[in-house]
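Enquirer: One structure follows; several queries about it will come next.
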Amino acid sequence: MSVKLTQNAISAILGGDLNLKPLVQVLDIKSAGKSQDRLRLLVSDSVSTQYAVIASQLNEKVFDGEIRKGSVVQLIDYMCNTIQTRKIILILNMETIIPECAIIGNPKVLSEPQSAPSDNNGGYHPRIPSNMSAPTGNSNTTAGFRPTVQPAYQPPAPNYRNHGSIVKNEAPARIIPIAALNPYQGRWAIKARVTAKGDLRRYNNARGDGKVFSFDLLDSDGGEIRVTCFNSVVDRFYDSVEVGKVYVVSKGSLKPARRDFNHLKNEWEIFLEAASTLERCEDEDSKIPQQQFSFTPISEIENVVNNSILDVIGIVITVNPSVPITRKNGMETQKRTLVLKDGSSRTVEITLWGEFCNKEGRALQEIFDSGLSPVLAVKAGKVSDFSGKSVGTISSSQLFINPDFPEAHTLRNWFDRGGKDTAALSISRDPSQGGPRNEIRKTVAQIKNEGLGRGEKPDWVTLKAAISFIKTDSFCYTACPLMIGDRQCSKKVVSTSNNRWQCDRCNQEFDECDYRYLLQAQVQDNTGLTWVTAFQETGEEILGCSAKDLYQLKHEQEDDMKFMELVRQRLFHQFILRLKIKEERYGEEQKVKVTVMKAEKVNFSAESRYLLDSISRVSA
């Protein structure tokens, strides 16, 4: 088979061309130094030859025989590094075009005057290794050529006499684009702006307690990467990192990005270590943008996978007050909901958590109360599919009110020229009306008759029902109050002989435990009744008080009359219940378990609108 190599490709690569993707031929394969894990190939472009080191993940191609002497390959991803004045090609990815082929062209070793050693003959004469046998076969090229190959360079024995002390190379690393970073580089540095800084988080695992924080960088070429620091490195850099400032980062290690925590479009993540450096640049460098967005239209969010991270921009058309919320870990935080509208004829609920409710949330409230509808851009919001699609803030989210960039100006012009009066459909729960727009409403009879919960995945439905009975003999359990990272353990604890509490999960004892709801209740509508289970937050919503207060009332104060009166007062209140229905095995028996994931008192005004909408859809 005749094939034409990319002539002068080696010279181009050594000159800095990393986009050529040339065809070259493998003339020899050797181990790189003493390491058997690194291989080097003698490659030819039919004009010149040069040794290139291949990334360790490509070794299998050699061991499996996919790449061998005579193979014609295409270099897909590669780079060129300078080591002790010698230029070394590093191949990160390549594909085999022809497994075996006769030697093509009449290649010669590329001369490198700066690094070529001299001998007594005034030059060197590379030759092919004795174990190199070129494949034979029909070819349009010279068949009997024996290429010359540079022999391994043997440096003279070092002579340090009268040369003074040896000085380590302390020259600063060359600044490269973020897109060029890879784990096979030695010394590197990047210059970039901090676009986001995460909260300082504490964790506990098998190796003990620790702390971690991350920040995101953006360079002048648009490359983004996340930087993560642990423990003692956190102490060095946490206070130094400031959003919006430019830094030079070097001497970190690159590892694959953890997609559970990292949404940036980069396969690598930088981990700073004891020897790492982080230097702030006094000049802000206007070439580096302040932020980079990739906005998703609200109409497309409807089809986005749950927990995805995205950017969204819209006009704020509703701002709700901030309300306190108790998280699953028992910690109280603030929650504020907004509604955004854009030109795609859709609206979406934006949920602000924690500090976002105070600073940006309060500013939005003041602007909205003054009669204006501000533009809001959300960077790194998290998609939720609970009761429709919504977008919530996370620790690395950023909010920009009336930002000064083209997308915001376009949106403002659209809204002011009639967009505010156009009809729009909500893809999430409308807080002004209180009900999910795309909910799956069921009755108790439908839940039973349709066999919900018996499939491989749980069924999620919404039920309007009243609480008709609550079991009071066992309504809560004793729980571990210790924090694991930013979450409460909450596992069941047992009392010890010394009147303390012990958690098997945390393997610790403590004086006081927590109390969490494990509520069994009957709910009913006009079609029937069914048993449901409610845990901490939904139990508090149903009973109107904490599990600890109710436990103390019954077991410590022993005021049974007040206890039963409190429970009776909560019966026959109507709720909108978000239910998770799944069949589970209890011993030898399969039972369908119905769990209340969310409970809200019925807003009768909103419910009336929902019923009218349902009637109009049926009539249509």
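Enquirer: Considering (1) in contact with a helix residue (DSSP H, G or I) (Cβ under 6 Å, 6 or more places away or on another chain); (2) assigned to a helix (DSSP H, G or I), say which one Cys229 fails and leave the rest.
Expert: Single failed check for Cys229: (2).
Enquirer: Of all the strands (runs of 3 or more DSSP E) wholly in region 5-68, which have at least 2 residues that are free of Cβ contacts under 8 Å to residues at least 60 places away in the same chain, of a type in the set (A, V, I, L, M, F, W, C) and under 15 Å from Val109 (Cα atoms)?
Expert: Here the list reads 23-31, 39-44.
Enquirer: Of the residues that sit in region 232-251 and are assigned to a loop (DSSP other than H, G, I, E, B) and acidic (Asp, Glu), which one is most open to solvent (accessible area, probe 1.4 Å)?
Expert: Asp239
Enquirer: Within region 352-362, track down each residue that is crowded, with 23+ Cβ neighbours inside 10 Å and part of a strand (DSSP E or B).
Expert: Once the filter is applied, which keeps residues that are crowded, with 23+ Cβ neighbours inside 10 Å and part of a strand (DSSP E or B), region 352-362 yields only Leu352.
Enquirer: Next up: Residues in region 468-505 that are touching a residue at least 40 places away in the same chain (Cβ under 8 Å) and closer than 25 Å to Thr333 by Cβ: how many?
Expert: Total meeting the criteria: 10.
Enquirer: Any idea how many residues of region 423-445 are at pLDDT 85 or above, farther than 18 Å from Phe386 by Cα and surrounded by 16 or more Cβ atoms within 10 Å (Cβ to Cβ)?
Expert: Residues in region 423-445 being at pLDDT 85 or above, farther than 18 Å from Phe386 by Cα and surrounded by 16 or more Cβ atoms within 10 Å (Cβ to Cβ): 2 in total.
Enquirer: Quick check on Leu411: is it farther than 21 Å from Ile325 by Cβ, at pLDDT 90 or above, in a loop (DSSP other than H, G, I, E, B) and open to solvent by 10 Å² or more (accessible area, probe 1.4 Å)?
Expert: no
Enquirer: Residues in region 554-568 that are farther than 22 Å from Ser490 by Cβ and either of a type in the set (A, V, I, L, M) or touching a Phe, Trp or Tyr at 6+ places or on another chain (Cβ under 6 Å) (or both): how many?
Expert: Residues that pass the stated criteria total 4.
Enquirer: Would you check which residues across region 469-501 are of a type in the set (Gly, Ala, Ser), in a loop (DSSP other than H, G, I, E, B) and touching a Ser or Thr at 6+ places or on another chain (Cβ under 7 Å) and list them?
Expert: Matches in region 469-501: none.
Enquirer: Read through the list (1) among the hydroxyl-bearing types (Ser, Thr, Tyr); (2) under 29 Å from Ile484 (Cβ atoms); (3) touching a helix residue (DSSP H, G or I) at 6+ places or on another chain (Cβ under 9 Å); (4) at pLDDT 90 or above, then give the number of the only condition that Ser322 fails.
Expert: (4)
Enquirer: Looking at Lys601, Lys580 in this structure, which one is more than 19 Å from Lys448 (Cβ to Cβ), open to solvent by 60 Å² or more (accessible area, probe 1.4 Å) and either in contact with a strand residue (DSSP E or B) (Cβ under 8 Å, 6 or more places away or on another chain) or at pLDDT 90 or above (or both)?
Expert: Lys601 is the lone residue from the list that is more than 19 Å from Lys448 (Cβ to Cβ), open to solvent by 60 Å² or more (accessible area, probe 1.4 Å) and either in contact with a strand residue (DSSP E or B) (Cβ under 8 Å, 6 or more places away or on another chain) or at pLDDT 90 or above (or both).
Enquirer: While we're here: Between Glu540, Glu558, Glu589, Glu565, which is buried (at least 17 other Cβ atoms within 10 Å of the Cβ), over 21 Å from Arg441 (Cα atoms) and not hydrophobic (A, V, I, L, M, F, W, C)?
Expert: Checking each option against the conditions leaves just Glu540.
Enquirer: Here's a check for you: in region 304-326, which residue that is assigned to a loop (DSSP other than H, G, I, E, B) and more than 23 Å from Asn262 (Cβ to Cβ) is most open to solvent (accessible area, probe 1.4 Å)?
Expert: Pro321
Enquirer: On to the next question. Within region 213-221, is there a residue that is at pLDDT below 90, closer than 25 Å to Val243 by Cα and over 18 Å from the mean Cα position of the chain (by Cα)?
Expert: Checked against the condition, which is being at pLDDT below 90, closer than 25 Å to Val243 by Cα and over 18 Å from the mean Cα position of the chain (by Cα), region 213-221 yields at least one hit.
Enquirer: Filter region 252-269 down to the residues that are at pLDDT 85 or above, assigned to a loop (DSSP other than H, G, I, E, B) and open to solvent by 60 Å² or more (accessible area, probe 1.4 Å) and list them by number.
Expert: Glu267, the sole residue that qualifies.
Enquirer: Which members of region 438-484 meet the condition of being in contact with a Cys (Cβ under 8 Å, 6 or more places away or on another chain) and among the small types (Gly, Ala, Ser)?
Expert: Ala479
Enquirer: Under the condition of being hydrophobic (A, V, I, L, M, F, W, C) and in contact (Cβ under 8 Å) with a residue 12 or more places away in the chain, which residue from region 363-379 is surrounded by the most Cβ atoms within 10 Å (Cβ to Cβ)?
Expert: Val378
Enquirer: Examine region 75-91 for a residue that is without any contact (Cβ under 8 Å) to a residue 12 or more places away in the chain, in contact with a helix residue (DSSP H, G or I) (Cβ under 9 Å, 6 or more places away or on another chain) and either outside any loop (DSSP other than H, G, I, E, B) or of a type in the set (Asp, Glu) (or both), and state whether such a residue exists.
Expert: Among the residues of region 75-91, not one is without any contact (Cβ under 8 Å) to a residue 12 or more places away in the chain, in contact with a helix residue (DSSP H, G or I) (Cβ under 9 Å, 6 or more places away or on another chain) and either outside any loop (DSSP other than H, G, I, E, B) or of a type in the set (Asp, Glu) (or both), which makes the answer no.
Enquirer: Continuing with the same structure: So, Val312, is that one within 29 Å of Thr538 (Cα to Cα), touching a Gly at 6+ places or on another chain (Cβ under 8 Å) and at pLDDT 90 or above or not?
Expert: no
Enquirer: What do you reckon, is Ser390 out of contact with any Asp or Glu (no Cβ under 7 Å at 6 or more places or on another chain), of a type in the set (S, T, N, Q) and closer than 20 Å to Arg346 by Cα?
Expert: no
Enquirer: Right, Gly70: more than 39 Å from the chain's Cα centre (by Cα) and more than 17 Å from Asn8 (Cβ to Cβ) or not?
Expert: yes
Enquirer: State yes or no: is Gln590 within 19 Å of Arg516 (Cα to Cα) and at pLDDT below 90?
Expert: Considered against the rule, which asks whether it is within 19 Å of Arg516 (Cα to Cα) and at pLDDT below 90, Gln590 comes out as no.
The values are calculated or read from the model by the stated rules, or taken from the named source; none is laboratory data. Just so it is clear, the structure is predicted and the values come from calculations on it, not from any experiment. Virtual Cβ from ideal backbone geometry, glycine too; neighbours counted across all protein chains shown. Please note that ligands, DNA and RNA were not included when accessible areas were found on the heavy atoms of the full protein model with its side chains. Shrake-Rupley method; radii C 1.70, N 1.55, O 1.52, S 1.80 Å.
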